[in-house]
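To start, the structure itself, in structure tokens.
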Amino acid sequence: MQQPILAVKGLKKSFDTNDVLKGINFEVYPGQIIGYIGPNGAGKSTTVKIFLGMIEKDEGDIEILGKSLESGDWDYKNRIGYVPEQSEVYENLTAHEYLSFVGELYGMTSELIDEKAQGLMTLFGIEDSYHARISSYSKGMRQKLLIIASMIHDPDILFLDEPLSGLDANSVMIFKEILARLKARGKTIFYSSHIMEVVENISDRILILSGGEIVADGSFDELKAQSTEGSLQEIFNALTGFHEHAGIAAKFVEILERRSS
Amino acid sequence: MSFRSLRILDRFKFLFTKFDVDYSAMRKILELKLTMDSRRIPTVLKDKKTSSLDYIDDGNKMLKSLWMYAMLSLMPGVLSIMPIPIFGKVSFIMGISMFLVMSTMISDFSSVLLDIRDKNILMTLPVSAKTLSAAKTVHIIIYLTMITFCLNIAPLIGLAFNEGILASLLLLFMLCFMVMTVIFFTSLLYVFILKNFDGEKLKDLISSIQIVLTISITLGYQMIAHMYDFTDLNLHFTPKWWTLLLPPAWFAAPFALISGERSMVYMTLTILGVVMPILFIYLHTQVISPMFEQNLSKLNSSGTGASKAYFRRLKTRGHLAKLLCKSSDEQATFKFGYSVLSSERELKQKVYPSMALSILFPFILGMTFLEDYESTSEALAAFRNSKSYLWVYFSVMILPTIIMFIKNSQHYKGAWIYRSLPIENPKALLSGTFKSAIIRFGMLPYIFTATLMLLMYGPFVLPHLIIAFLNTIYLVLFILRTEGIILPFSRSFQVSQDGHMKGTMLGMFFAGLLAGLHYLLTLSSSTVPLIAVLLIQSIGLIPLWKNTLQINWSDLKS
């Protein structure tokens, strides 16, 4: 049996009186792409932030890269990449300045950073903007930059929170292929998104988080076998207890049609 | 929300309807724009304490700031009652007023002039282009009328008392022509920049104008006190050919005419003062405005080509980092901090005026020497005999303020990056950014003043200058220890205004105290205490610096 690269046992976290995570358990093995999905506010981003030490957990054990995660640990971040949900960066900087900062703190030399960053940006078709301020970037370019920043040090685990936002269809294809190749090289990818189609077709394993608990865990085929529904979207709706979409939509259109008398 | 300006506008409804403008739509748009403006904070009020909550209250910040503009009019107001010939006097008033109106327009109303957000929203609505442009024009007119009036309220009153009510009315009349000229030149400037550069350059220009405005207002107040010293200046006017090129002279010429000085020059100037603004406004609507609209879309673009200066800066930054920082983490943060500090407009707007003032302070103080002594050489001798080299404290006093500002950024939400990186503790992060701030903003005023003092006094002041600098660094560390440390660039400017005031006050108080102690040191005729202090300070600095910044993630102030 392989060692899990990430193991979570009884993870709990609450903000004030709001219990966001009520005891989460799962294990992730190297070379897996995990689709981590759930409704807004279910605690997906919170989970990832706890893995990165950005938020302290309340209870539970986390093991990353074979070592138990203690508060104050930092060395493991050398082997982790992270794309946050909100693409907030110090946008007055140029891509070169930003990537230099990130890369040098990952212990890379500035020559290597420049070489890798320019190479990667060229492949994404944004090499002309390497020395331009990020504030002049489009949403898609900014996302590409964040993706590069998260991978430039060739990490073993990637935490990607809605990484496709703003990317055009062609870039999405490139990106999915990159993930597949990283996986083939034994990298682990932890992927959160609201776009079910993508999660359905790239993930080896899907975790559905709802109400602070994991309500489903398995490959897409396994989930389909357990359920009467056909698509991940429908399984997701069924598991998160959401059935009213038709009713809400009907009411919405009804209000639109009102006229002042 | 109801606006008085709109109620006045309602009386002219027929005028708009006549020109096919959808009045109720225009009024709605104006109401929205005025509401949005009321939630902006104008430059003249920037120093006041503001919290994010203030945005919710419904008092119009713009209108409240009119009082500040009225205060500014005191400067030309004092001029208006001084016993100098009317042509020179009004030229001066017009000059000041043009400068103030133009710079306020650029610094505070650029968002009105350069509004392209409304295009995205309003162009999708069923409103005619005519109505939209009417709304825009009226919007600008409402503000220009209010600012111009307020910026001239004191001279208007002053002239009425000093030269008669007729002069005051004439001033009001000429101000209208002045405003036309200002509109023309402002839009010409904008078009020129947008056409040749990009939006980023324009934004840089706007923020530099804001800085210039803040500095000149502060200096202007200093000047009011000294203003009466200028009465003996010869303001008798002998026209030269280039006078014809000065718009303030155009607008002042009619005053010479009504006071009885009828000459060809004044006639020509008066004609220019009436004809040129009309020509300007014509050019503005026919040529500049369409060009302006065309280029406005470039506002949010910025060139991708990096300048030579940018690469030069990168290089300097790299050398400085290697020179001043030991670990590679610290070097990385030094470069990062240096870049962020150099590119934050809001930060520069706050820091540059204090930087400029700290450079100018010795000169302002020096003026008192010149006033007290008959000849320049006497003043110089008195200066050399004094302990004025301690003025160097004025130049380092801004360091505590700057350190307080480092926690702020316009893009403070980007601070997540620190925690995602493998950084053991914030020490390197803090040390690197603090060093970059001291170098980026603190060194220039210090080196300038210190060089000046060295030239005036000779090498014996060198230890004093170094002690003053080291003292300030100690002061910074002291403030950091008592106030707690916050991650660099992780707070918005709005939320933490309070902390800045406190930092500035603390900084001033203790800098004064240290300067006082330093003064005691200068009383000793022996150099032994001086050398001892210098030695102790130099030896203690690095351990204390390290010790202060040696903190864990959990020790950071949240």
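Taking the numbered list (1) within 14 Å of chain A (Cβ to nearest Cβ); (2) in a helix (DSSP H, G or I); (3) without any contact (Cβ under 8 Å) to a residue 24 or more places away in the chain in turn, residue B:377 passes all entries but (1). Taking segment B:344-373 as the range and being aromatic (Phe, Trp, Tyr) and over 15 Å from residue B:388 (Cβ atoms) as the test, only B:352 passes.
For segment B:409-433, taking the residues that are more than 20 Å from residue A:75 (Cβ to Cβ) and assigned to a loop (DSSP other than H, G, I, E, B), the one that is nearest to the other protein chains (Cβ to nearest Cβ) is identified as B:411. Scan segment B:338-357 for residues that are within 14 Å of chain A (Cβ to nearest Cβ) and among the hydroxyl-bearing types (Ser, Thr, Tyr) and jot them down. Once the filter is applied, which keeps residues that are within 14 Å of chain A (Cβ to nearest Cβ) and among the hydroxyl-bearing types (Ser, Thr, Tyr), segment B:338-357 yields B:338, B:339, B:342, B:343. Filtering segment B:416-447 to residues that are surrounded by fewer than 19 Cβ atoms within 10 Å (Cβ to Cβ), among the hydrophobic types (A, V, I, L, M, F, W, C) and farther than 26 Å from residue B:542 by Cβ leaves only B:416. Of all residues in segment B:121-175, those satisfying the criterion of being surrounded by 16 or more Cβ atoms within 10 Å (Cβ to Cβ) and closer than 16 Å to residue B:16 by Cα are B:127, B:131, B:132, B:134, B:135, B:136, B:138, B:139, B:142. Quick check on this structure: which one of B:485, B:536, B:447 is assigned by TED's automatic domain parsing to the domain that holds residue B:365, free of Cβ contacts under 8 Å to residues at least 12 places away in the same chain and within 30 Å of the chain's Cα centre (by Cα)? Answer to the selection: B:447.
Flag: residue B:405 does not match the condition of being away from chain A (no Cβ under 14 Å) and surrounded by fewer than 19 Cβ atoms within 10 Å (Cβ to Cβ).
Residues in segment B:454-474 that are in contact (Cβ under 8 Å) with a residue 12 or more places away in the chain and more than 27 Å from the chain's Cα centre (by Cα): B:456, B:457, B:461, B:463, B:464, B:465, B:466, B:467, B:468, B:470, B:471, B:474. If the condition is being basic (Lys, Arg), more than 18 Å from residue B:202 (Cα to Cα) and either surrounded by 12 or more Cβ atoms within 10 Å (Cβ to Cβ) or modelled with pLDDT under 75 (or both), then segment B:294-319 contributes B:313, B:317. With respect to (1) under 29 Å from the mean Cα position of the chain (by Cα); (2) more than 14 Å from every other protein chain (Cβ to nearest Cβ), the lone exception for residue B:478 is condition (1).
Considering (1) at pLDDT 80 or above; (2) surrounded by fewer than 19 Cβ atoms within 10 Å (Cβ to Cβ), the lone condition that residue B:83 does not fulfil carries the number (1).
For segment B:365-413, what are the residues that are within 24 Å of the chain's Cα centre (by Cα), hydroxyl-bearing (Ser, Thr, Tyr) and over 21 Å from residue B:478 (Cα atoms)? Within segment B:365-413, B:409, B:412 meet the criteria.
Of the residues contained in segment B:336-353, one or more are found to be within 30 Å of the chain's Cα centre (by Cα) and more than 18 Å from residue B:409 (Cβ to Cβ).
Here is a yes/no grid of residues against (1) of a type outside the set (Asp, Glu); (2) within 14 Å of chain B (Cβ to nearest Cβ); (3) in contact (Cβ under 8 Å) with a residue 12 or more places away in the chain:
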{"site": "A:128", "(1), (2), (3)": "no, yes, no"}
{"site": "A:150", "(1), (2), (3)": "yes, yes, yes"}
{"site": "A:198", "(1), (2), (3)": "yes, no, yes"}
{"site": "A:208", "(1), (2), (3)": "yes, no, yes"}
{"site": "A:217", "(1), (2), (3)": "no, no, yes"}
{"site": "A:236", "(1), (2), (3)": "yes, no, yes"}
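In segment A:40-56, the qualifying residues are those that are aliphatic (A, V, I, L, M) and touching a residue at least 60 places away in the same chain (Cβ under 8 Å), and the one that is farthest from the other protein chains (Cβ to nearest Cβ) is A:42. Among the residues making up segment A:75-113, a single one is among the basic types (Lys, Arg) and at the interface with another protein chain (Cβ under 7 Å from one of its Cβ atoms): A:77. For segment A:180-193, state whether one or more residues are at pLDDT below 90, over 30 Å from residue B:204 (Cα atoms) and either in contact with a helix residue (DSSP H, G or I) (Cβ under 6 Å, 6 or more places away or on another chain) or not aromatic (Phe, Trp, Tyr) (or both). Yes, some residue in segment A:180-193 is at pLDDT below 90, over 30 Å from residue B:204 (Cα atoms) and either in contact with a helix residue (DSSP H, G or I) (Cβ under 6 Å, 6 or more places away or on another chain) or not aromatic (Phe, Trp, Tyr) (or both). Among the residues making up segment A:57-86, a single one is in a loop (DSSP other than H, G, I, E, B), out of contact with any strand residue (DSSP E or B) (no Cβ under 8 Å at 6 or more places or on another chain) and touching a residue at least 60 places away in the same chain (Cβ under 8 Å): A:66.
Residues of segment A:159-179 include none that is within 14 Å of chain B (Cβ to nearest Cβ) and farther than 26 Å from residue A:26 by Cβ.
Is it the case, given these coordinates, that residue A:31 is in a strand (DSSP E or B), out of contact with any Leu (no Cβ under 6 Å at 6 or more places or on another chain) and more than 13 Å from chain B (Cβ to nearest Cβ)?
Numbers: in a strand (DSSP E or B): no; out of contact with any Leu (no Cβ under 6 Å at 6 or more places or on another chain): yes; more than 13 Å from chain B (Cβ to nearest Cβ): yes.
Spelling it out, it is not the case that residue A:31 is in a strand (DSSP E or B), out of contact with any Leu (no Cβ under 6 Å at 6 or more places or on another chain) and more than 13 Å from chain B (Cβ to nearest Cβ).
Against the test of being touching a helix residue (DSSP H, G or I) at 6+ places or on another chain (Cβ under 9 Å) and at pLDDT 90 or above, the options A:215, A:199, A:172 yield a single qualifying residue, A:172.
The values are calculated or read from the model by the stated rules, or taken from the named source; none is laboratory data. Computed from a predicted structure; not experimentally measured. Glycine also receives a Cβ, built like all others from the backbone with ideal geometry; neighbour counts cover every protein chain displayed.
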